[in-house]
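Trainee: This is the structure I have questions about; it appears just below.
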Amino acid sequence: MHSARRLRNALRMALCDVLMLLLLAGCAAKGNTASPETTPGKEAASAAEPTQAEEPSSPEEPAQTDPQAGGAHILVACFSATGHTAPIAEYAAELLGADLYEIVAAEPYTEANLAYYTGGRCDQEQDDPDVRPAISGAVGNMDQYDVVLIGHPIWHGQAPRIISTFLESYDFSGKTLTTFCTSASSPLGFSAANLHGLVSEDVTWLESRRFPIGASREEVAGWLAEIGLTGSERLEEAGMQMRINDVPVAVQWEDNESVAALMELAQEAPLTIHMSMYGGFEQVGPIGTPLPRSDMQTTTEAGDIVLYSGNQIVVFYGSNSWAYTRLGHITDKTADELAEILGNGNVTVTISIK
Ligand SMILES: Cc1cc2nc3c(=O)[nH]c(=O)nc-3n(C[C@H](O)[C@H](O)[C@H](O)COP(=O)(O)O)c2cc1C
């Protein structure tokens with residue numbers, strides 16, 4: 001992430017460079033670094049300094065993550081033109097044990113560009129929803145991430161168009177996404193909903209959050225807990241627990257009427273579902289009662305929990321394409337761990353309310 005070019009700069013820049021290196025060392029200690037095809041140059045520009053594209057550094061080995069969300073590989077990507085959103089990204093990456101990636105414009109935004117309501121570059125870009133400013137470099141290993149958080153400032157009530165570029169640069173199918181932003185005063189408004197509209201329907205979108213400039217680590221931690229990415233706070237709040245052969249698993253439950261009905265059922269009495277292996281990729285078993293269903297053609301992945309045929313639960317350790325209603329996703333097991341647990345004979349799943 002460090003720029004050799006900066007270090008070669010004239011003596012008058014040396015002090016700035018040392019400070020920048022210290023800052024980046026701090027960031028690296030907080031969050032892992034995404035393995036990019038080309039890594040952007042710096043984590044955050046100072047408020048007075050526009051973001052500059054930097055020389056790419058050498059690709060690194062994919063960082064090992066140990067997120068509290070458990071097993072899921074998480075990326076925090078952030079575009080921060082004047083440095084206010086970058087600390088939120090760093091807090092989130094640290095709290096999640098996630099990789100951190102800075103979205104850098106191929107053509108850096110200058111101070112003049114950023115001066116809004118001047119008819120300048122940013123104003124023009126925000127006026128045209130079809131503009132897609134180019135990004136310098138790319139995340140080279142997006143496939144390995146299950147969850148991606150994207151940070152950005154609010155520009156004219158919306159995310160900068162470069163976030164649209166980012167969202168359209170990758171296939172996020174089957175992943176969990178959310179966004180966070182900072183603004184001077186504007187609320188989230190329709191900014192997140194508009195971004196959500198750019199990704200495929202099978203993306204799980206967690207509730208986005210607008211933070212004030214200077215938001216604390218605790219505020220970020222509170223949001224991550226609310227959307228279920230840290231610990232089991234949300235599960236405990238929701239109160240629904242799942243066990244496979246008596247071993248608890250962390251589940252990110254969907255917010256839909258099928259899950260609500262499942263909770264009601266589990267409230268009456270713990271559900272015990274005797275499952276059988278099927279097709280070399282799933283365990284399936286009867287609930288005993290039909291649940292409301294909103295089946296959609298779905299390509300599942302390991303950890304997905306779906307409602308099949310309105311009255312059976314399927315837990316995947318592989319993939320299948322069929323019309324299902326999504327119920328949730330196991331977040332604390334890798335695909336290999338799930339294959340081990342679910343691929344070696346029939347299991348019993350219990351769903352209960354704490
Ligand atoms: C081009 C431009 C447009 C902006 N539009 C808004 C706006 O509509 N509402 C608002 O509250 N702040 C607006 N701001 C302020 C930024 O949202 C705010 O300073 C943000 O924290 C910057 O984040 P960053 O430093 O990570 O880039 C705008 C800033 C710029 C540069």
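Taken together, the values in this text are just the output of simple stated rules run on the coordinates, not laboratory data. Being a predicted model, the structure only gives us computed values, none of them experimental. Positions of Cβ are generated from backbone atoms using ideal geometry, with glycine treated the same way; all protein chains shown enter the neighbour counts.
Trainee: Counting other C-beta atoms within 10 Å, which of Trp205, Trp223, Trp253 has the fewest, and how do the rest follow?
Mentor: Ascending number of Cβ neighbours within 10 Å: Trp205, Trp253, Trp223.
Trainee: Mind ranking 171-177, 267-273, 142-148 by how tightly packed they are, going by the mean number of other C-beta atoms within 10 angstrom, highest first?
Mentor: Descending mean neighbour count gives 142-148, 171-177, 267-273.
Trainee: Arrange the following residues from fewest to most other Cβ atoms within 10 Å of their Cβ: Leu291, Leu327.
Mentor: Details: Leu291 20, Leu327 23.
Lowest count first: Leu291, Leu327.
Trainee: Using the number of other C-beta atoms within 10 angstrom as an exposure proxy, rank Glu102, Glu125, Glu168 with the fewest first. Each step should come with its number before you reach the end.
Mentor: Values: Glu102 28, Glu125 21, Glu168 12.
In increasing order of surrounding Cβ atoms, one gets Glu168, Glu125, Glu102.
Trainee: A further question on this structure: Counting other Cβ atoms within 10 Å of each Cβ, which GluC sites (Glu not before Pro) in the range 182-262 have at most 11 and sit in a DSSP loop?
Mentor: Those satisfying the criteria are Glu201.
Trainee: Still on this structure: Tabulate in residue order the Karplus-calculated ³J(HN,Hα) for the range 274-291, using 6.51 cos²θ - 1.76 cosθ + 1.60 with θ = phi - 60°, rounded to whole Hz; enter x for Gly and Pro.
Mentor: Per residue, the Karplus-derived 3J(HN,Hα) values read 8, 10, 10, 5, 8, x, x, 9, 8, 10, 10, x, x, 7, x, 9, x, 10 Hz.
Trainee: Around Thr298, which amide H atoms from residues at least 5 apart in sequence, or from another chain, sit under 5 Å from its own amide H, with H modelled in the peptide plane?
Mentor: Under 5 Å from the amide H of Thr298 lie the amide H atoms of Trp322, Ala323, Tyr324, each far enough along the sequence or on another chain.
Trainee: Per residue of the range 310-324, in order, report the coupling 6.51 cos²θ - 1.76 cosθ + 1.60 (Karplus, θ = phi - 60°) as ³J(HN,Hα) in whole Hz, putting x for Gly and Pro.
Mentor: Whole-Hz 3J(HN,Hα) from phi for the range 310-324: x, 9, 10, 9, 10, 10, 9, 10, x, 10, 8, 10, 6, 8, 10.
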